[in-house]
Amino acid sequence: MRIDLTGKTALVTGSTQGIGRAIAVALADAGARVAVNGRRADTVASVIDELRAESSDRDLVAAAGDVSDEAGAVAVLDAAGDVDVLVNNLGIFGTTPALEITDDEWRRYFEINVLTAVRLTRAVLPGMKERGWGRVMNIASDSAVVTPAEMIHYGMSKTALLAVSRGFAKDAAGTGVTVNSVLAGPTHTGGVEDFVYELVDRALAWEQAQREFMKLHRPQSLLQRLIEPEEIANMVAYLASPLASATTGAAVRVDGGYIDSIVP
């Protein structure tokens, strides 16, 4: 299968590192014009330089700004232009005992992980519907279904994204626009390395620490390893393409078999 996004503009939030960066690369390599987003303009510019150095064919545009803020979201959308593919990737996570999560933390996780995606989807969906084509993807998590005891506020926010995706898919019914969520499993990023070392001995070498983490804290993974960001990006690139025209309102799993169910 050849994924061709030539002529499409994609906005990937939180795309200067980790999963978001891998998604930006996958979409650009498929021919899309990709708006790279991060809060700091210098960081965004540096990442674009790095990605262009790897491949001069990549069509990348800087879209710096804090999309968790209304004014920042407007600035990012202005920089991106008409968006054909929106990937709501930005998210925060961290561990806190359930009874110690404050009201402010509950609100912060909802506002950043959920409301940001709602705000951007609300902004771009009318244009997509008018043009008769568009893709919206919300990067959720296995935690949306398998709520982790050590971060239920994070799990709550990802569960909410599943409902948001399904609801907006219904709003876009019959228009040629699809809206889906992607259930990403435990993934190898810099932030996750820090998270792993919160739960296992910091004296362990990374490969040993990863194995210990998966054995003790994610034993139901069928991969028995962390997923690489590029593996998540491959699914997103497919869902962004015309090849996925019949997939909408879905929670698509790239979880390494972590979620113990036969159907999504």
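The values are calculated or read from the model by the stated rules, or taken from the named source; none is laboratory data. All values reported here derive from a predicted model rather than from experimental measurement. As a convention, Cβ positions derive from the backbone with ideal geometry for all residues, glycine included, and neighbour counts pool all protein chains shown.
Might you let me know whether segment 37-48 holds any residue that is surrounded by 16 or more Cβ atoms within 10 Å (Cβ to Cβ), within 22 Å of Asp4 (Cβ to Cβ) and in contact with a Leu (Cβ under 6 Å, 6 or more places away or on another chain)? Please lay out each step first, then the result.
Step one: list which residues in segment 37-48 are surrounded by 16 or more Cβ atoms within 10 Å (Cβ to Cβ), which gives 37-39, 44, 47-48.
Next, only the ones that are within 22 Å of Asp4 (Cβ to Cβ) stay: none.
Looking for residues that are surrounded by 16 or more Cβ atoms within 10 Å (Cβ to Cβ), within 22 Å of Asp4 (Cβ to Cβ) and in contact with a Leu (Cβ under 6 Å, 6 or more places away or on another chain), one finds none in segment 37-48, hence no.
For segment 81-91, give me the residue count where each residue is more than 16 Å from Tyr154 (Cβ to Cβ) and either in contact with a helix residue (DSSP H, G or I) (Cβ under 8 Å, 6 or more places away or on another chain) or assigned to a strand (DSSP E or B) (or both).
Result for segment 81-91: 6.
Out of Arg58, Arg52, Arg2, Arg33, which single residue is farther than 30 Å from Glu150 by Cα and at pLDDT below 95? Quick ask: steps written out before the conclusion?
On the way: Arg58 fails: at pLDDT below 95; Arg52 fails: at pLDDT below 95; Arg33 fails: at pLDDT below 95.
It is Arg2.
Using beta carbons and a limit of 8 Å, which pairs, at least six apart or on different chains, have the first residue in segment 92-119 and in the same structural domain as Ser15 (by TED's automatic domain parsing) and assigned to a helix (DSSP H, G or I) and the second one exposed (fewer than 14 other Cβ atoms within 10 Å of the Cβ) and at pLDDT below 95?
Pairs found: Ala98/Ala149.
Within segment 168-197, restricting attention to residues that are hydroxyl-bearing (Ser, Thr, Tyr) and surrounded by fewer than 18 Cβ atoms within 10 Å (Cβ to Cβ), which residue is modelled with the lowest pLDDT?
Step by step, filter segment 168-197, then rank; the result is Tyr197.
Go through segment 206-225 and give me each residue that's over 20 Å from Glu150 (Cβ atoms) and in a loop (DSSP other than H, G, I, E, B).
Within segment 206-225, Leu222, Leu223, Gln224, Arg225 qualify.
Can you tell me which residue within segment 226-264, out of those that are outside any helix (DSSP H, G or I) and polar (S, T, N, Q), is nearest to Ile3 (Cα to Cα)?
Ranking the qualifying residues of segment 226-264, first place goes to Ser241.
Kindly evaluate Ala149 against the criterion of being free of Cβ contacts under 8 Å to residues at least 60 places away in the same chain, part of a loop (DSSP other than H, G, I, E, B) and among the small types (Gly, Ala, Ser).
Numbers: free of Cβ contacts under 8 Å to residues at least 60 places away in the same chain: yes; part of a loop (DSSP other than H, G, I, E, B): yes; among the small types (Gly, Ala, Ser): yes.
The answer is yes for Ala149.
Within segment 219-237, restricting attention to residues that are buried (at least 20 other Cβ atoms within 10 Å of the Cβ) and of a type outside the set (A, V, I, L, M), which residue is nearest to the chain's Cα centre (by Cα)? Spell out the reasoning first.
Pass one, segment 219-237, residues buried (at least 20 other Cβ atoms within 10 Å of the Cβ): 221, 226-227, 229, 232-233, 235-237.
Restricting the remaining residues to those that are of a type outside the set (A, V, I, L, M) gives 221, 229.
On the way: Ser221: 20, Pro229: 10 Å.
Checking each candidate, the answer is Pro229.
If a residue has to be surrounded by fewer than 18 Cβ atoms within 10 Å (Cβ to Cβ) and more than 26 Å from Val177 (Cα to Cα) to count, how many in segment 72-100 make the cut?
Looking only at that region, the number is 8.
Check segment 27-43 and report whether any residue there is in contact with a helix residue (DSSP H, G or I) (Cβ under 8 Å, 6 or more places away or on another chain), assigned by TED's automatic domain parsing to the domain that holds Thr116 and of a type in the set (Ser, Thr, Tyr).
So far as segment 27-43 goes, no, none of its residues is in contact with a helix residue (DSSP H, G or I) (Cβ under 8 Å, 6 or more places away or on another chain), assigned by TED's automatic domain parsing to the domain that holds Thr116 and of a type in the set (Ser, Thr, Tyr).
Restricting attention to segment 170-182, does a residue exist that is out of contact with any Cys (no Cβ under 7 Å at 6 or more places or on another chain) and assigned to a helix (DSSP H, G or I)? So that I can check it myself, show each step before the final result.
First pass over segment 170-182, keeping only residues out of contact with any Cys (no Cβ under 7 Å at 6 or more places or on another chain): 170-182.
The next check asks that each one be assigned to a helix (DSSP H, G or I); those that pass are 170-171.
Yes - at least one qualifying residue is present in segment 170-182.
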